[in-house]
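Participant: Here it is: the structure, laid out below.
Read the figures in this text as sums done on the coordinates, not as results from a lab. Since this is a predicted model, take the numbers as computed values, not measurements. FYI the Cβ positions are ideal-geometry reconstructions off the backbone, even for glycines, and counts take in every protein chain you see.
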Amino acid sequence: IGRRTAMVVCSIGMMAAGTVFVMSGSPALLIVSSFAFTLLVSMQLSFLNLYLSELFPTETRGRAVAGAWAMNRVGAALSPLLLLPLLHDKGAYTMFAVIAATLLAAVVLLVFAPAGEARRAVA
């Protein structure tokens, strides 16, 4: 499976796991869906790091990957500041709708993203 395909599958899986989490009242389903979501996030980040490193030539790869990772951390720091008030004011469904919309946007971007350089020599 290509990295872009794997990231799309992970995003769709995260949307499904999040939907189960939000709609479930069962403790077992809450645990299973949160575990699945966390596992898919970890897998997607690994695929993303590999894919990102394939997009840049060797001389700029380090800066590009470090910059992307820094943006990831900024997003991780800001997301609770944006999502927790939304959760408090509008509830879990609305908050997850924002997360799902972000995942859907990632899927659309990945469909149009350039192919990585897997199994090809990198200059």
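Participant: Can you give me the P(r) profile for the chain? Cα pairs, bins 5 angstrom wide beginning at 0, each as a whole percent.
Facilitator: The percentages, shortest bin first, are 2, 10, 16, 21, 20, 13, 8, 5, 3, 1, 0.
Participant: Another question about this same structure. Quick one: Debye curve from the alpha-carbon atoms of region 25-68 only, equal weights, vacuum; give me log10 I(q)/I(0) at q = 0.23 Å⁻¹ to two decimals.
Facilitator: Log-scaled intensity ratios, in q order: -0.74.
Participant: What is the magnitude of the charge dipole of the chain about its Cα centre, with +1 placed on the Cβ of each Lys and Arg, -1 on the Cβ of each Asp and Glu, and no other charges, expressed in debye to the nearest 20? Walk me through the intermediate numbers first.
Facilitator: Details: 8 positive and 4 negative charges, 44 e Å.
With only Lys, Arg, Asp and Glu charged at Cβ, the dipole is about 220 debye.
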